[in-house]
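This report concerns only the one structure given below.
Throughout, read-outs are computed from the coordinates displayed, never taken from laboratory work. Note that the structure is a prediction, hence the values are computed from the model and not measured. Positions of Cβ are generated from backbone atoms using ideal geometry, with glycine treated the same way; all protein chains shown enter the neighbour counts.
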Amino acid sequence: MADGEFCVVCGRSDRPIEDGLCAECFVARTPLIEVAEDPAVTLCAVCGARKAGERWVPSNAGRFLGKEDLQPFLRPRPDVGIRRIEWTEGESGPGTRSYRGEAVARFRGSERTVPVALTVRVDAITCPSCSRRAGHFYTAQIQLRGPEGRLASGARQRRARLMSAWDAILPEARPEWRAALSWGEEKPEGWDFFLTDTLAARNLAKLMKHRLGATLKESATLYGRKDGHDIYRVTICLRVPAPGGRERPPSGPSSA
């Protein structure tokens, strides 16, 4: 601060002055954080996925709006950095939710608490993946099988072992691969899993092959035509060796 500078509002000269104002008087006259106009979140009423542009992004938050949903609507000044923020939900109306935020922001070398008020429009619809699941639509099928063909009558324990292996590895898969899973069916031979995305099915099958020491075989059948192009459904068969029948590969990230 140059000698003789003082705040034109409060007259103090013992604080840093910029554009004729000390930080306290500047904050009193100018909001450090503003909010976007007409903030809105589009989420799937079934799975909770969020719509970002033309894409749907999986989310475990359900209908709860958290900081990942709310913070993108904040518009801090260029010289303001938001360190953290705590949100409290207030009154909600038809299709809207109100929130009060307490943001810890850094401005002119010091941190201060900045209150924020936000009302968000919430559009709850059904995402395409859930719509397809509801209609049992699928583009790919993963068949989980033992080393032989049809299991003998009463082989429920062996089918349960296959499902346990699947459930143990599934959390390792990427969220977008898991999101493509539509439904599963128990079969005499093992299990069938139906997916709404072929690339996700292939990647998931590769992960299972690597972790279970399974063999993988893929085939395709013509399903129909769209815009002059053939549409195929892919079937991927995974054959899992019997316990002790073959050493499992070492644990680690899949190359899928």
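Before moving on, here are some points about what is shown:
- Peptides 186-197, 89-100 ordered by packing proxy, namely the average of other Cβ atoms within 10 Å per residue, highest first: 186-197, 89-100.
- The alpha carbons of region 32-80 stretch over 39, 20, 16 Å along the principal axes, in descending order.
- Under the criterion of Cα pairs below 8 Å and six or more residues apart, the relative contact order for the chain equals 14 percent.
- Per-residue [θ]222 nm for the chain (sum of -39500 (n - 2.57) over DSSP H runs n ≥ 4, rounded to 500): -5500 deg cm²/dmol
- Residue order, fewest to most beta carbons within 10 Å, for SER164, SER59: SER164, SER59
- Non-local lysine pairs in the chain, meaning eight or more places apart or on different chains, with alpha-carbon distances under 22 Å, amount to 6.
- Antiparallel content of DSSP bridges confined to region 136-239, in %, to 5: 80
- Cα pair count fraction exceeding 27 Å, expressed as % - the chain: 59
- Compared with the rule-of-thumb size 2.2 N^0.38 Å for a compact globular protein, region 118-197 has a Cα radius of gyration ratio of 1.42.
- Whole-number D in µm²/s for region 32-126 (Stokes-Einstein; Kirkwood sum over Cα pairs; 20 °C, 1.002 mPa s): 151
- Taking the fewest neighbouring Cβ atoms within 10 Å as the starting point, the ordered list for TRP183, TRP87, TRP166 is TRP183, TRP87, TRP166.
- For SER182, SER13, order by how many other beta-carbon atoms lie within 10 Å, fewest first: SER13, SER182
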